[in-house]
Amino acid sequence: MRITENKINKYKDKYEALLKKEETISVLFAGVGGQGILMATAIMAKACLFEGFDVKVSEIHGMAQRGGSVVGSIRFGKKVFSPTVDSADFVVSLEEVEPLRYIDIFKEDSILIYNTYRIYPSSVYGDGYSYPENVRQLLLKFSENVFPIDAYKVAKQHGKSKAMNTALLGFFSNFLPISADSWEEAIKDIVSPAVLEINLNTFKAGKSIIYQ
Amino acid sequence: MKKDVSVLTGNEAIALGALEAGVGFASAYPGTPSTEILENIAKTGGIYCQWSVNEKVALEVASGASLAGNRALAAMKHVGLNVASDPFMTLAYTGVNGGLVIVSADDPGMHSSQNEQDNRYYAKMAKVPLLEPSDSQECKDFLIKAFEISEEFDLPVLLRTTTRISHSGSLVEKGKIRKHKPDKKYIKDPMKYVMIPAFARTRHKILLEKFESLKEFSEKTSINKIIYAEDKRFSKIGIITSGVSYQYAAEALNKYPVLKLGMTNPLPFNMIKNFACDKSLIIVIEELEPFIEEQIKASGISCIIIGKSFFPEYGELNGEIVKTLNDFISSEKILENLSAYTSEDIEKKIKGFKEKKSNLNKDKEKNEIKYFIKNKIPPRPPVLCAGCMHRPVFHILKKLKVTVMGDIGCYTLSALPPISSLDTCLCMGAGVGQALGAEKADSYYKNKVVSVIGDSTFFHSGITSLIDNVFNKGTGLVIILDNRVTAMTGHQANPGIGKTLMGDKTHMILPEKIAEAVGVKNIRIVDPYDISLLDKTIKEELKREELSVIVCRQECALINKKKRLKKFYIDDSACKQCGLCMKLGCPAIEFKNDKYFINQAICTGCDVCSQICPWDSIKINNENN
């Protein structure tokens with residue numbers, strides 16, 4: 001996966017302009033219970049707050065620890081009303097197949113970022129379902145802005161595969177007009193001290209994927 | 001960024017509000033989406049708080065704290081107020097001493113509930129004030145306001161949130177913490193607090209008088225407010241809304257003037273009339289029931305009022321759904337012809353608009369892809385965790401082909417494939433009674449019906465139905481699934497744990513001791529990980545012509561896994577690929593490249609699969625130890 005700094009800055013400019021027009025940016029974090037979706041949502045909310053935006057988050061976590069699909073939504077801008085994402089500027093998924101569950105909220109210019117890491121749901125064993133091999137092609141039918149990222153590799157290189165969420169967040173941060181300082185402060189605020197350094201490193205590594 | 005602003009969920013904001021309101025006492029029974037209110041109050045450290053055995057008790061102890069002069073709060077999920085409805089209804093008669101607020105967290109869309117009842121009707125039925133916050137800041141502000149109203153009118157107040165308010169985070173500005181002290185001394189007053197008929201008749205009249213003054217209060221309070229729109233061209237249409245629906249309206253319909261109601265019982269009818277007087281069409285936007293709409297219609301306002309004929313009466317609303325109102329108004333040219341339309345005309349237009357919309361197939365190709373994806377991608381329902389103690393119990397019950405009267409907890413998931421064992425889930429405590437009823441109605445069910453109930457649920461409302469079984473000579477089998485914690489809502493303490501919400505050690509109440517005390521003669525305690533013993537015990541007790549209780553006891557796997565170090569693996573040379581292990585529905589057992597294997601990262605070493613494997617192919621992985 002290659003994406004140039006130049007190209008990514010174009011995206012960034014677009015969202016900066018939207019925010020200047022007092023529009024709200026909507027992000028949906030998706031994944032599977034236990035992957036750290038709510039932590040990623042909390043980090044981003046803090047980063048938005050530090051950047052001076054109004055921000056609202058919404059999460060459905062009744063079944064978070066039982067291996068079900070989990071989402072966290074986040075909306076930010078000058079003034080935010082609805083806390084839920086009905087139409088997403090970004091879908092950021094920690095698991096490969098999960099973004100396909102939210103096709104109803106895709107827009108033609110949605111940015112679809114997903115981790116190529118797979119967690120096989122129980123329904124692929126005997127319920128007649130199979131894990132789709134063409135996630136990228138299916139996503140491309142909705143938007144041309146599809147970014148598969150191997151966050152597992154990035155996190156593993158920095159010592160902790162569980163930190164996939166901050167790795168992916170790092171890559172995602174390139175698209176937003178939120179300063180590196182705000183992100184860093186937010187991570188420091190949310191992540192527990194024992195794993196802080198690993199998470200700061202995976203965030204930076206995720207961010208630098210664009211320069212590869 | 002201002003220092004005293006942070007992103008808080010509605011539940012966190014209510015906990016902060018409790019501190020700022022000077023609440024001295026808080027109680028609850030855990031239930032999504034209300035659970036984090038008490039958890040966060042406990043974190044503050046400044047307020048006495050407790051998990052009660054159920055919502056009825058939670059409200060009763062809170063009312064005792066109110067009598068003793070404290071500001072008291074009781075929190076529960078919507079169905080919890082059904083359990084607490086008995087004290088709730090009569091508390092409206094007795095009134096309070098220290099302020100008393102009941103938080104009801106409703107769950108439109110049933111993210112984690114068995115129904116989506118609209119608890120605003122409880123406030124109307126009881127004639128108590130009802131406040132509906134629309135974001136986290138209002139959760140905090142309205143809670144403080146609720147205590148003021150409670151003390152001013154000598155009434156309990158219902159603060160109603162919904163999942164999107166409880167679990168959404170938004171900016172909250174911190175205020176000053178009020179020191180709590182029982183500053184309202186209790187004065188003996190049997191005519192107020194002893195609800196014998198003679199006194200209650202008087203109190204009912206007093207309640208009606210209070211409700212009259214509450215109506216005046218509702219007209220004046222700042223939490224009911226009109227938000228005017230800049231563009232006067234749209235002022236013939238007005239929106240009336242409350243709670244989270246306000247946020248959707250503010251975003252999607254900001255060109256129309258909005259009457260935002262923070263207090264929805266009693267409604268400010270004069271304010272509504274004044275708002276409506278220069279308008280031709282009023283649109284009421286609310287989730288679930290037409291609570292506001294029907295009352296406004298009944299009040300005899302002359303303009304056209306629509307609500308539930310346009311918006312669904314089920315599930316949640318959102319920005320997109322509310323936005324369709326714009327399409328309706330523009331495509332049907334409502335604004336232009338408003339003065340000529342009757343109410344019937346508008347209703348007809350709505351019907352036509354809805355039909356047109358459902359026929360509309362904007363982008364056929366894309367819809368086909370959508371259809372394909374929705375049907376092809378593997379669903380990911382929540383499952384019992386790897387190593388869950390409930391799994392072996394339901395595996396055996398399924399094999400025995402018995403009817404399983406169920407209950408509410410993690411084990412309700414065993415209704416789903418591949419375990420597919422549970423027959424019912426009605427409400428907390430119901431299964432134990434349902435089994436007795438089935439057995440009495442048809443003798444076929446003797447020895448063929450089992451009821452299952454969790455430890456926390458047993459304390460919540462299973463004890464009384466167990467007594468009913470003893471009293472009425474039931475002969476069934478009650479299985480108490482004791483995983484040593486209230487697991488589903490995220491590991492809260494219950495009376496069986498020996499620890500309170502505030503972390504103090506307390507007496508550990510054991511379900512078997514209760515069963516023994518109420519007269520159950522056959523009580524067995526089994527470790528459900530021991531499959532052959534569990535199987536034998538269930539068969540023996542099922543056969544018995546007398547009531548029996550089996551307590552299946554093993555710690556919740558999410559707590560347990562930190563202590564268990566062994567892992568299992570499948571020995572390919574011994575595996576005959578029969579697939580029996582797969583039928584356990586354990587997330588650790590996978591099938592890839594034509595092979596069954598155990599995901600070592602997920603396995604908790606519960607040893608259940610190795611015991612059911614007929615080929616002894618599942619073995620301990622010694623390398624991991």
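Those helices (runs of 4 or more DSSP H) of region B:68-134 in which 2 or more residues are of a type in the set (Val, Ile, Thr) and not assigned by TED's automatic domain parsing to the domain that holds B:Thr264 occupy B:78-83, B:85-94. Within region B:540-559, being among the small types (Gly, Ala, Ser) and assigned to a strand (DSSP E or B) holds for one residue alone: B:Ser548.
Confirm whether B:Met110 is of a type in the set (A, V, I, L, M), within 17 Å of B:Ser166 (Cβ to Cβ) and surrounded by fewer than 24 Cβ atoms within 10 Å (Cβ to Cβ). Yes; evaluated as a whole, the condition is true for this residue. Do we have any residue at all in region B:303-316 that's free of Cβ contacts under 8 Å to residues at least 40 places away in the same chain and within 14 Å of chain A (Cβ to nearest Cβ)? Scanning region B:303-316, I find no residue that is free of Cβ contacts under 8 Å to residues at least 40 places away in the same chain and within 14 Å of chain A (Cβ to nearest Cβ), so the answer is no.
Taking region A:96-107 on its own, how many of its residues are in contact (Cβ under 8 Å) with a residue 12 or more places away in the chain, surrounded by fewer than 24 Cβ atoms within 10 Å (Cβ to Cβ) and of a type outside the set (A, V, I, L, M)? Selection size over region A:96-107: 5. Scanning region B:192-205 for residues that are among the hydrophobic types (A, V, I, L, M, F, W, C) and either assigned to a helix (DSSP H, G or I) or in the same structural domain as B:Asn254 (by TED's automatic domain parsing) (or both) gives B:Ala198, B:Phe199, B:Ala200. Note on region B:561-582: among residues that are surrounded by fewer than 20 Cβ atoms within 10 Å (Cβ to Cβ) and of a type in the set (D, E, K, R), the one that is nearest to B:Ser414 (Cα to Cα) is B:Lys561.
Of the residues A:Asp89, A:Asp13, the single one that is away from every other protein chain (no Cβ under 11 Å), among the acidic types (Asp, Glu) and under 21 Å from B:Leu317 (Cα atoms) is A:Asp89. Taken over region B:135-177, the residue count meeting the criterion of being crowded, with 24+ Cβ neighbours inside 10 Å and assigned to a strand (DSSP E or B) is 10. Looking at A:Glu108, is it over 17 Å from the mean Cα position of the chain (by Cα) and not in a strand (DSSP E or B)? Against the criterion (over 17 Å from the mean Cα position of the chain (by Cα) and not in a strand (DSSP E or B)), A:Glu108 qualifies. Look at B:Gly17 and say whether it is on the phi > 0 side of the Ramachandran plot and at pLDDT 95 or above. No; evaluated as a whole, the condition is false for this residue.
Restricted to helices (runs of 4 or more DSSP H) entirely inside region B:290-390, those with at least 2 residues that are crowded, with 16+ Cβ neighbours inside 10 Å are B:291-298, B:319-331, B:343-359, B:364-376. Count of region A:26-47 residues, restricted to those that are β-branched (Val, Ile, Thr), within 10 Å of chain B (Cβ to nearest Cβ) and either crowded, with 24+ Cβ neighbours inside 10 Å or part of a helix (DSSP H, G or I) (or both), is 1.
Pairs meeting the criteria (first residue in region B:77-94 and without any contact (Cβ under 8 Å) to a residue 40 or more places away in the chain, second residue assigned to a helix (DSSP H, G or I) and small (Gly, Ala, Ser), beta carbons under 8 Å, at least 6 apart or on different chains) are B:Ala84/B:Ala58; B:Pro87/B:Ser63; B:Met89/B:Ala126. Only residues that are in a helix (DSSP H, G or I) and either touching a residue at least 60 places away in the same chain (Cβ under 8 Å) or within 8 Å of chain B (Cβ to nearest Cβ) (or both): list them for region A:135-154, please. The one that is in a helix (DSSP H, G or I) and either touching a residue at least 60 places away in the same chain (Cβ under 8 Å) or within 8 Å of chain B (Cβ to nearest Cβ) (or both): A:Leu138. Quickly run through region B:397-429 and pick out the residues that are surrounded by fewer than 22 Cβ atoms within 10 Å (Cβ to Cβ) and more than 14 Å from every other protein chain (Cβ to nearest Cβ). Across region B:397-429, the qualifying residues are B:Lys398, B:Lys399, B:Leu400, B:Lys401, B:Val402, B:Thr403, B:Asp423, B:Thr424, B:Cys425, B:Leu426, B:Cys427. In region A:126-134, the condition of being out of contact with any Leu (no Cβ under 7 Å at 6 or more places or on another chain) and either more than 13 Å from every other protein chain (Cβ to nearest Cβ) or among the hydrophobic types (A, V, I, L, M, F, W, C) (or both) is met by no residue.
Counting only residues that are assigned to a loop (DSSP other than H, G, I, E, B) and under 17 Å from B:Thr457 (Cα atoms), which one in region B:35-67 is nearest to the chain's Cα centre (by Cα)? For region B:35-67, the residue satisfying everything is B:Thr35. A:Leu139 satisfies every condition listed in (1) out of contact with any helix residue (DSSP H, G or I) (no Cβ under 7 Å at 6 or more places or on another chain); (2) within 17 Å of A:Val91 (Cβ to Cβ) except (1).
Set side by side, the residues B:Leu208, B:Leu288, B:Leu267 differ, and just one is hydrophobic (A, V, I, L, M, F, W, C) and not assigned by TED's automatic domain parsing to the domain that holds B:Lys354, which is B:Leu208. Scanning for something more than 9 Å from chain B (Cβ to nearest Cβ), crowded, with 23+ Cβ neighbours inside 10 Å and within 22 Å of B:Ser166 (Cα to Cα), does region A:56-66 turn up at least one residue? No, the conditions are met nowhere in region A:56-66. Taking A:Ser82 as the residue in question, decide whether it is within 11 Å of chain B (Cβ to nearest Cβ), more than 30 Å from B:Cys603 (Cα to Cα) and either part of a helix (DSSP H, G or I) or more than 14 Å from the chain's Cα centre (by Cα) (or both). So A:Ser82 passes the test. Please verify whether region B:254-267 includes one or more residues that are among the polar types (S, T, N, Q), part of a helix (DSSP H, G or I) and surrounded by fewer than 22 Cβ atoms within 10 Å (Cβ to Cβ). Within region B:254-267, none of the residues are among the polar types (S, T, N, Q), part of a helix (DSSP H, G or I) and surrounded by fewer than 22 Cβ atoms within 10 Å (Cβ to Cβ).
The values are calculated or read from the model by the stated rules, or taken from the named source; none is laboratory data. Computed from a predicted model, the values in this text were never measured in an experiment. So basically every Cβ, Gly included, is an ideal-geometry build from the backbone, and we count neighbours across all protein chains shown.
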